Amino acid sequence: IRKFRQEPVSRELLLRLVDAARVAPSGMNLQHLKYKIVDDPAETAALFPLLAWAGYIQPAGNPRPGEEPTAYILLYQDTAIRSGSAAYGAAAQSILLCAQEAGVASCWLGSVNREKARELFHIPEHLQLLYVLALGYPAEVSVAEPARDGDIKYYKDAAGRLHVPKRSLDEVLL
């Protein structure tokens, strides 16, 4: 989802989402991921321009004014504990699934101006920003559909619905 209603996500729910990530599997149980909740309107507004949205359909995929996320969770790797791990996948997915269950939509963003985000939030060097999870109550509907002829590029239809092609089970199952 890339369009959000301007209804705040409660701090209580955001804490529950981070708590779900906190208990996700972690290699050797190192628990080297850290999280930052961004829900203050001034901070969310400052973070928004540091993110790139929906590269296949620029600029149609960008949230317009009044459609921005109302909260974010930033996922960091604490390199003082460990670097180079893929444990973030379990943590991020835990957040996204728990958010969905609570009626909160999300967008997992990897295209981030990490240096400017580090400066904005005064993040120490040993914490490496991995991903930003944009959160809010949805103001659009997305449709998962089978990919046709290997085309996985998402698109918007004439009604403005976001279509997200997914490879078939036969294509991904070895």
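The values are calculated or read from the model by the stated rules, or taken from the named source; none is laboratory data. As the structure is a computational prediction, the values presented were derived from the model and not from experiment. Quick reminder, even Gly has a Cβ in these numbers, built from the backbone with ideal geometry, and neighbours come from all protein chains shown. Side chains are part of the model used for accessible areas, which takes the heavy atoms of the whole protein and leaves out ligands, DNA and RNA. Shrake-Rupley method; radii C 1.70, N 1.55, O 1.52, S 1.80 Å.
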Exercise for the section: Just give me the residues in the stretch 28-50 being under 16 Å from the mean Cα position of the chain (by Cα) and without any contact (Cβ under 8 Å) to a residue 12 or more places away in the chain, in sequence order. Expected result: P49
Problem - Filter result (within 12 Å of A91 (Cβ to Cβ), surrounded by fewer than 21 Cβ atoms within 10 Å (Cβ to Cβ) and not hydroxyl-bearing (S, T, Y)) within the stretch 1-26 - result: V18, D19, A20, R22, V23, A24, P25
Handout entry: Hey, A71 over 27 Å from Q6 (Cβ atoms) and either touching a Gly at 6+ places or on another chain (Cβ under 9 Å) or touching a residue at least 12 places away in the same chain (Cβ under 8 Å) (or both) or not
Key = no
Problem - strands (runs of 3 or more DSSP E) contained entirely in the stretch 109-174, each with at least 3 residues that are in contact with a Gly (Cβ under 6 Å, 6 or more places away or on another chain) and surrounded by 14 or more Cβ atoms within 10 Å (Cβ to Cβ) - result: none
Practice task
Inspect the stretch 74-96 for any residue being surrounded by fewer than 13 Cβ atoms within 10 Å (Cβ to Cβ), part of a helix (DSSP H, G or I), at pLDDT 95 or above and out of contact with any Phe, Trp or Tyr (no Cβ under 6 Å at 6 or more places or on another chain) and give the result as yes or no.
Solution key: no
Practice task
Please work out which one of (1) at pLDDT below 95; (2) under 21 Å from Q77 (Cα atoms); (3) of a type outside the set (A, V, I, L, M); (4) under 16 Å from the mean Cα position of the chain (by Cα) is the condition P25 fails and give its number.
Solution key: (4)
Completion exercise
Taking the stretch 43-67 and keeping only residues that are touching a Gly at 6+ places or on another chain (Cβ under 8 Å) and either in a strand (DSSP E or B) or not hydrophobic (A, V, I, L, M, F, W, C) (or both), one is left with G55, G61
Problem - Residue that is farthest from V104 (Cα to Cα) [pool: residues in the stretch 47-60 that are modelled with pLDDT of 95 or more and open to solvent by less than 40 Å² (accessible area, probe 1.4 Å)] - result: L50
Practice task
Being modelled with pLDDT of 95 or more and assigned to a helix (DSSP H, G or I) is the filter; apply it to the stretch 28-42 and report the residue that is most open to solvent (accessible area, probe 1.4 Å).
Solution key: P41
Exercise for the section: Could you list, in sequence order, all residues of the stretch 97-108 that are of a type outside the set (A, V, I, L, M), open to solvent by less than 70 Å² (accessible area, probe 1.4 Å) and not in a strand (DSSP E or B)? Expected result: C98, G103
Practice task
State whether the residues of the stretch 127-141 include one that is over 17 Å from the mean Cα position of the chain (by Cα) and modelled with pLDDT of 95 or more.
Solution key: yes
